[in-house]
Every structure is written in structure tokens, then in C-alpha cells.
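Here is the structure we will look at.
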Amino acid sequence: MDGSEGRRVDPALIIVGGAMTVFALVAIVWWLSDTPLGVDSAVYRAGGFAVIHGESLYSPLLALPGWAPELPFTYPPFAALLFTSLTVLPSQLSWGLLALAAAPSLYCALRPFADRAHLPLLLIGAFALQPVWQTIGLGQVNLVLMAAVVADIFLLRGSRWSGITIGIVAAVKLIPLIFIAHLLVIRRTADAARALGAFLCASAFAVAVLPSDSVRYWTSAIFNDHFAEMKSWVGNQSWQGFVARTVPEGRPATVAIVVFGVVCSALAMWLVHRLHRAGDDRAALLATAGCSLLISPISWTHHWVWVVPALGVLAARGRRGVVVAVAVLFTGWTVAVVRGGRGVERNWNLTEAIVGNAYLIVAFTGGLACLSWSRCITTYTPGVEFKIRVP
């Protein structure tokens, strides 16, 4: 033994470092050439400028670059306070900052779910998945938020800080509030209390700093007209998106949305309870994440980053065929080949409806498999623990 085994660098970390280098170079080259880059990161940055200049967050953003579409700021005011950090950078370098966080976030989110042997290949393959490459291309925060939730559930488990990260993430984007319910179901009551406390404190801080914007957000801007207009677009892979594409507007659509939301949430929490009792906390977290994607009014295709740890679990359990099939489905071709935009989704034929709702169909299939296939609950043997104890 020459000790080389102990000094061997983790291939997954090499991939992370390589991806970060590529994204840094892209950001610098695009900045030097003054080439547009990062639509959503430009909106975040403009929201930060609105805070600094005392402008309304929920009116047209004055600091958007000329090349960016006039998109609204749709996040809670606390998120805008965090995004003020992006104002010190040009728009391309703001994108670069978020892109640099993508690969470490993927690693953090995958590590508790995947076997070490599969991790490098899964990391490389993740960049071919639409939720991942679209998140990176737009300059979105989805990967960072997912990694924060995973870290809170697994890395900080048992520490006095557990729950706080989830609360802060929920103050940035409301849908992660469902993970507070997840903590309650798996009987981490103190963690859930800390999460709720962190959410309320962060939101209260935003109210103190941005009172007008906070009142406007919680009373009207939260019901975003921009989202309502685009709800039926194929890029929205939530249940409400499906209903908007297939059910006439009015009472039938409302009933379908409300009934499904209640049933889906109840079944998901029951499944989380069963999985947790069987010691399968990884699948339990994926069940909650899947429920959040289904019941959210808007689940853009780039929100579906939770498919990455799901593929990690499937690979660890030897479901290679399923891994390949799901990965191919999530490369983005299903959205690209169907007609989309301006309400044409309402005129889809059967084939287009199946292909255009593929993400939803995968989520339904996975949920039904977990509900009906007892082996998913009783025979999983957790892999190597990835846990950091914080005093």
C-alpha cells in the first residue's frame, strides 16, 4: 500500500469543479462580448435594484436590461432583499454566480440519494436533463433551493439548526412550505417549529424593510396575473396546468383542482408516514417533493429538478431501465415536439396530450407505484449515510 487510495480524488468532485470552471468562463466571455445571458437572473437583479432605489417590486422593473423580456418579479419581498447582492455585478456575471452554484447544488442534492459508484455518471447525465439545463440557462434558483432542503433534511438532522434552512427557503419561494408539513409527518416537530419560525422571522423582516411591497405581495401580487394567463402553457407541468389545458374554465375546473389538491396532499402525507416508518426517508422526501410539483399552481419544466435525486434512488435500487427511460423523457423533447402557446394546447389530439403532459404522467406513475407496490416501502436498504453533525 502506497497510500494512493486514501489520496484519490473523488471523480464527482472533479466533475463539479469542471462544470464550475466552464460556467465561469461562459459568464466572463458573455460579459466581455456584451452578449445577453440569464433571463431570470436579470429579473432577480432588477428586483434587487428596485429595493435599493425604493421602487415598487411588483410594478414594471426599471432595471431590466434592454434585451430581457418585461417579466414581473413574482417572489416574496424577502427574496428581493437577498437579490440585492446581485446588483454589484453586471447581468452576465450575476448569471455566472448562480451558475457556479449549480454543480455543487447538484452534488449536495444527489449525494444522500445515490450510491458513490453511480454518482459521477449521474452528475454528468444531470446536465442533459431539461430541468437542470433550463435552470442553469435561465439563471434560476431551483437547484440551490433543492440542495438547501436536502441539506436540512439529511445533513443537519439532529442538530439545533435543523429546519431553519427550510424556513428561509420558504420565505424565498412559498412552495417549500410543504416541507414544514413533511417535518411534522416524520415527527421532527422541533425542526418544523424552527422552520416555521425562520419563515415568519424572514417574512417579518421583509415587512419591516419593505412594508408597501409586502402588503402588495400578500394581498394581490401573490395572485400573479402573468401566471394566470400562462397557466395552460405546455411549460406548466402542474395539475392546474393540465386542468387548464383539458377542462373548460369555471366550476368543473375549480372542483377538479380543489379535489385533486386535497386527495394528493393526503395520500402524499400518508405515504411519507409509511416510508418514514420503514426507514426510507429518501423516498419519503421525494414523495413530498413530487406532491409539491403536482399541487403547485405553476410548475414550470425547470422546477422539476427533483427528478435528479429520484434518478439517484432508482439507480441505487438497480432500476437501470427505468433510469434511462425517465432520463430520456426529461431531456426536454416532450415539450418541444408538441404545439404550444396562445392556448393551442386546448386543441391537442390524444398523442399530443400524452406527450405534452409527460412530466405529470411520470409523477403519477411513480406515485401509484409507491402506493401499490409494497416493496418500495419495505425492502429498501439505505446506502452510505451522508450526514454532518452540527453541535
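The values are calculated or read from the model by the stated rules, or taken from the named source; none is laboratory data. It should be emphasised that the depicted structure is a prediction, and the values quoted were computed from it without experimental measurement. Using ideal geometry, Cβ is built from the backbone for each residue, glycine included, and neighbour counts are taken over all protein chains shown.
Overview of values
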| item | result |
| --- | --- |
| Helices (runs of 4 or more DSSP H) contained in the stretch 120-188 and holding at least 3 residues touching a strand residue (DSSP E or B) at 6+ places or on another chain (Cβ under 6 Å) and at pLDDT below 95 | none |
| Conditions (1) modelled with pLDDT of 95 or more; (2) in contact with a Gly (Cβ under 7 Å, 6 or more places away or on another chain); (3) under 16 Å from Leu121 (Cα atoms); number of the one not met by Ala316 | (1) |
| Long-range neighbours under 8 Å by Cβ, at least six apart or interchain, first residue within 17 Å of Tyr217 (Cβ to Cβ) within the stretch 154-180, second polar (S, T, N, Q) | Ala171/Ser203; Ile175/Ser292; Ile175/Ser296; Pro176/Ser292 |
| Exclusive hit being under 23 Å from the mean Cα position of the chain (by Cα) and either among the small types (Gly, Ala, Ser) or farther than 30 Å from Asp152 by Cβ (or both), set Ala278, Ala268, Ala256 | Ala268 |
| Qualifying residue in the stretch 184-197 (condition: of a type in the set (Val, Ile, Thr) and surrounded by fewer than 16 Cβ atoms within 10 Å (Cβ to Cβ)) | yes |
| Complete set of residues in the stretch 284-303 that are of a type in the set (S, T, N, Q) and over 22 Å from Ala244 (Cβ atoms) | Thr288 |
| Sole exception among (1) assigned to a helix (DSSP H, G or I); (2) within 24 Å of the chain's Cα centre (by Cα) for Ala50, by number | (2) |
| Test: residue in the stretch 66-75 that is surrounded by 20 or more Cβ atoms within 10 Å (Cβ to Cβ) and either within 21 Å of Pro176 (Cα to Cα) or not aliphatic (A, V, I, L, M) (or both) | yes |
